[in-house]
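Participant: Input: one structure, supplied below.
The values are calculated or read from the model by the stated rules, or taken from the named source; none is laboratory data. Everything numeric in this text was worked out from a predicted model, so none of it was measured. Positions of Cβ are backbone-derived with ideal geometry, glycine not excepted, and every protein chain shown enters the neighbour counts. Please note that ligands, DNA and RNA were not included when accessible areas were found on the heavy atoms of the full protein model with its side chains. Shrake-Rupley method; radii C 1.70, N 1.55, O 1.52, S 1.80 Å.
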Amino acid sequence: MENQTHTALERSGRPGSALCRSCGHPLTTTFVDLGMSPLCESILPAGRLNDMEPFYPLHVYVCDSCLLVQLEEYVTPESIFCDYAYFSSYSTSWLEHSRRYVDAMVERLGLNSGSHVVEVASNDGYLLQYFLPHGIVPLGIEPAANVAREAEDKGVPTLVEFFTTELARRLVGEGKAADLIIGNNVLAQVPDLHDFVGGLEALLRPGGVVTLEFPHLLRLIEENQFDTIYHEHFSYFSLVAVERVFAAHGLAIYDVDELGTHGGSLRVYLRHAGEGSVPATPAVTALRQRESERGLADLSGYLSFGPRVERTKRKLLNFLIEAKEQSKSVAGYGAPGKGNTLLNYCGIRTDFLDYTVDRNPYKWGMFLPGTHVPVYAPERLAETRPDYVLILPWNLKDEIMTQLEYVRAWGGRFVVPIPEVQVL
Ligand SMILES: [Zn+2]
């Protein structure tokens, strides 16, 4: 109810009237303003190209009080996720990351066929499938029905729902309290943080463990990853800010891994506060210290980000203008959400980028939101032999350049836009 009121105020042209979703303080300090953008996953079929498209602000604030970096909830998760086109299983390196995680957790926590494992936002079962060979039948929770069906096909039971405190209590009532709760790349997408984290606490058995992975704000800032900002990501977490959210619900971080995934993520390990005789690991203390040294414990580390993003836009446009002046052709690789933020913010349409390709057949024949860049199957690259291939999912650039080695046969080169424009 409160949220709706603040959204209305924001839309009535009074920016800064929204309140922090973690601590309730009014949001007045800009982190970065990427202008107006369509929803990044609202890819268009040909028949809708002439329709009006909704654009929403990508204006990110940092809370002066608790330092949570956040975007106003302009659109409800229901309207974003119900026919969500992202299938995790199309990235080979992400699958490998998931398999290694499962094997490590089974060993570390001594999980067996009697253990309850729940993944929140389980997508197409890309991760939970790896519990099956261990004799563990996990439970997935995934709001997008089309994606959940893919999980069921893999043998992963999946509830088509959003995770809430209410759902957690229902599961506990059914005897499904969890020994391990997994949430990968979901925390940023939760508009009601307190309800979600309260649900984790409610679902977790005494002695159980929650692991959450989310992109690390420190890396976003240091590596200029502004294109990972989109409407679906409501919050951008530092360790400092996220610990406050968990602490409010009796959960404590006792270990943390820094991961290379999604441009640099944290995996935090949570337990009920006060549980366990072992103190938090030195990794937690060290990371807190590092964030503090980089200015994330006060406003100083947040204020130079916006100007750097504007410089990056100018550099990318300079490269593209130069290439076009020389009659070079440029095609894209990938159609990820981050690509849409980048292309819309920089105003890159088919005047600069002829088309993009993607491995996901769901996207073939469709058009990117806002920019209307067409998406084809990867074979298109060999047919048209572009001079440059702009890699939109730059976090997977090594994997992609290996897959596309054949581009070099006709003298094609790869371009990565982030952290700075680079021709490889
Ligand atoms: Zn706050």
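Participant: Looking at segment 30-68 only, could you name the residues that are within 14 Å of the ligand (Cβ to nearest atom) and either closer than 25 Å to residue 376 by Cβ or open to solvent by 30 Å² or more (accessible area, probe 1.4 Å) (or both)?
Facilitator: Listed by number, the residues that qualify are 64, 65.
Participant: Which residues, taken from segment 16-27, are polar (S, T, N, Q) and more than 11 Å from the ligand (Cβ to nearest atom)?
Facilitator: Residue satisfying the conditions is 17 alone.
Participant: Applying the selection to segment 173-201, what residues are open to solvent by 30 Å² or more (accessible area, probe 1.4 Å) and part of a helix (DSSP H, G or I)?
Facilitator: Within segment 173-201, 173, 189, 194, 195, 201 meet the criteria.
Participant: If you scan segment 235-248, which residues turn out to be over 30 Å from residue 417 (Cβ atoms), in a helix (DSSP H, G or I) and open to solvent by 10 Å² or more (accessible area, probe 1.4 Å)?
Facilitator: Hits for segment 235-248 are 243, 244, 247.
Participant: Filter segment 410-422 for residues that are within 15 Å of residue 352 (Cβ to Cβ) and either out of contact with any helix residue (DSSP H, G or I) (no Cβ under 6 Å at 6 or more places or on another chain) or open to solvent by 50 Å² or more (accessible area, probe 1.4 Å) (or both) and give the result.
Facilitator: 415
Participant: Moving on to the next point. I need the helices (runs of 4 or more DSSP H) fully contained in segment 305-409, keeping only those with at least 1 residues that are modelled with pLDDT of 95 or more, open to solvent by 70 Å² or more (accessible area, probe 1.4 Å) and basic (Lys, Arg).
Facilitator: Qualifying helices (runs of 4 or more DSSP H): 305-325, 379-384.
Participant: I would also like to ask the following. In this structure, does residue 256 turn out to be among the β-branched types (Val, Ile, Thr) and in a helix (DSSP H, G or I)?
Facilitator: The answer is no for residue 256.
Participant: Further, regarding this structure: Which ones in segment 221-234 are buried (at least 24 other Cβ atoms within 10 Å of the Cβ) and not in a loop (DSSP other than H, G, I, E, B)?
Facilitator: 226, 227
Participant: Exactly one of (1) open to solvent by 60 Å² or more (accessible area, probe 1.4 Å); (2) farther than 23 Å from residue 179 by Cβ; (3) away from the ligand (no atom under 16 Å from the Cβ) is unmet by residue 298. Its number?
Facilitator: Among (1) open to solvent by 60 Å² or more (accessible area, probe 1.4 Å); (2) farther than 23 Å from residue 179 by Cβ; (3) away from the ligand (no atom under 16 Å from the Cβ), residue 298 violates only (3).
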